[in-house]
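Working notes, beginning with the structure itself.
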């Protein structure tokens, strides 16, 4: 007989891979955060990209809701995510920058407490993440944060700018979203205009949908959001 944790993981995996993002989020919300978070974190390395991204999105919602009822327990989860990005953890931390970004987008309380630590991962003089793939996730998460809470991200735009010229198209696209969403960036908008014709194609998770877009398409969409 399967244990409760294995049954829960199987249930969530099926929902995360299913046709409805709403149903996947609802399934995660039905269970106590302390029970569901282990399964969600385990999905950050799932072979199915949609399962990975929905688990990341669900983490934000589950931990934010948990923070309203049990702030200290939610902080324990945040500290666990931070530890997963620490070299001493022995792991890589796949999906963690994205998940942390989602938590900060969804939770006012946790954003106040952790946004400076989170944004320090893009600062060379602080907790800079050196792994290029983790940098992709961090820039994606900062872009989510910038769209919802641009004033918090704005002071860090000088640290974002070098990614606009990265050889990695994910870096270029996700950095462009940060700059466009964060608001006032004197001269920086002009310096990223070259991305308007960038034909490199990447995969991006937006509005609970996983899709392929060019860097130019992502740039233009971000600029349209800014203008609107």
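Each reported figure results from applying straightforward, stated rules to the coordinates on display, with no laboratory input. Because the structure is a prediction, the values reported are computed rather than measured. Every residue, glycine as well, gets a Cβ built from its backbone with ideal geometry; the counts of neighbours run over all protein chains shown.
Can you give the extra length, in nm with one decimal, that the chain gains between residue 22 and residue 203 once fully stretched, where that is 0.36 nm per residue apart less the Cα-Cα distance?
Numbers: separation 181, 0.36 × 181 = 65.16 nm, distance 2.09 nm.
Full extension from residue 22 to residue 203 adds 63.1 nm.
Subtracting the Cα-Cα distance from 0.36 nm times the residue separation, let me have the gained length for residue 125 to residue 14 in nm, one decimal.
On the way: separation 111, 0.36 × 111 = 39.96 nm, distance 4.21 nm.
Full-extension gain reported as 35.7 nm.
If packing is taken as the average count of other Cβ atoms within 10 Å, what order do 25-35, 146-156 fall into, highest mean first?
Going by the mean number of other Cβ atoms within 10 Å, highest first, we get 146-156, 25-35.
Going highest first, how would you order 164-173, 200-209 by mean Cβ packing within 10 Å?
Listed from highest to lowest mean packing, they are 164-173, 200-209.
Given N residues in segment 1-130, what is its alpha carbon radius of gyration divided by 2.2 N^0.38 Å?
My calculation over the Cα atoms of segment 1-130 gives 1.04.
When averaged across all projection directions, what area in nm² does the alpha-carbon convex hull of segment 88-165 cover? Provide the component values of the computation, followed by the final result.
Numbers: hull surface 20.7 nm².
About 5.2 nm², averaged over all directions.
Would you compute, from DSSP H runs of 4+ residues alone, the mean residue ellipticity of the chain at 222 nm, taking -39500 (n - 2.57) per run and dividing by the full residue count, rounded to the nearest 500?
So the calculated ellipticity at 222 nm is -19500 deg cm²/dmol.
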